[in-house]
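One structure is given below, encoded as structure tokens.
Values in this text are rule-based calculations from the coordinates and carry no lab data. None of the values given here were measured: they were computed from a predicted structure. Cβ sites come from the backbone with ideal geometry, for glycine too, and all protein chains shown count toward neighbours.
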Amino acid sequence: MSTVSTTVNVSGMTCGHCVSSVSEEIEAIDGVENVDVDLNAGGVSTVTITSTKEIPHDQIGEAVAEAGYLVVDNHA
């Protein structure tokens with residue numbers, strides 16, 4: 001089975017607890033196998049999601065918002 005890699009930028013994360021909260025919410029999405037966060041404390045962090053299917057960006061955004069953070073567009 002092939003995997004899909006999705007990368008989003010998240011603002012507001014500052015520590016390991018933030019990473020855990022965001023990872024936990026995203027991992028709860030059906031099909032997600034792994035979440036890797038490149039923490040940029042106080043800036044925009046990069047979150048790479050590996051899944052068994054394409055995950056809609058709005059669903060990822062809702063999961064990140066549930067953790068208390070915001071997905072941002074890196075082309076702004």
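If you check 10, 32 for being free of Cβ contacts under 8 Å to residues at least 60 places away in the same chain, crowded, with 19+ Cβ neighbours inside 10 Å and in contact with a Ser or Thr (Cβ under 6 Å, 6 or more places away or on another chain), only one passes: 32.
What number of residues in the range 24-58 are under 21 Å from residue 73 (Cβ atoms), in contact with a strand residue (DSSP E or B) (Cβ under 6 Å, 6 or more places away or on another chain) and not hydrophobic (A, V, I, L, M, F, W, C)? Number satisfying all stated conditions: 7.
Please specify each residue of the range 45-63 satisfying the condition of being in contact with an Asp or Glu (Cβ under 7 Å, 6 or more places away or on another chain) and within 11 Å of residue 9 (Cα to Cα).
Looking only at the range 45-63, we keep the residues that are in contact with an Asp or Glu (Cβ under 7 Å, 6 or more places away or on another chain), and these are 45-46, 48, 50-52, 63.
The answer is 45, 46, 48.
Restricting attention to the range 14-37, the residues that are in a loop (DSSP other than H, G, I, E, B) and either of a type in the set (Phe, Trp, Tyr) or within 18 Å of residue 4 (Cβ to Cβ) (or both) total 4. Being in a strand (DSSP E or B) and among the polar types (S, T, N, Q) holds for only one residue in 9, 40, and it is 9. Taking residues in the range 37-50 that are surrounded by fewer than 13 Cβ atoms within 10 Å (Cβ to Cβ), and partners anywhere that are in a loop (DSSP other than H, G, I, E, B), the pairs with Cβ atoms closer than 7 Å and at least 6 places apart or on different chains are 41/14; 41/15; 42/14.
Count of the range 51-69 residues, restricted to those that are loosely packed, with under 14 Cβ neighbours inside 10 Å and either part of a strand (DSSP E or B) or at positive phi (or both), is 1.
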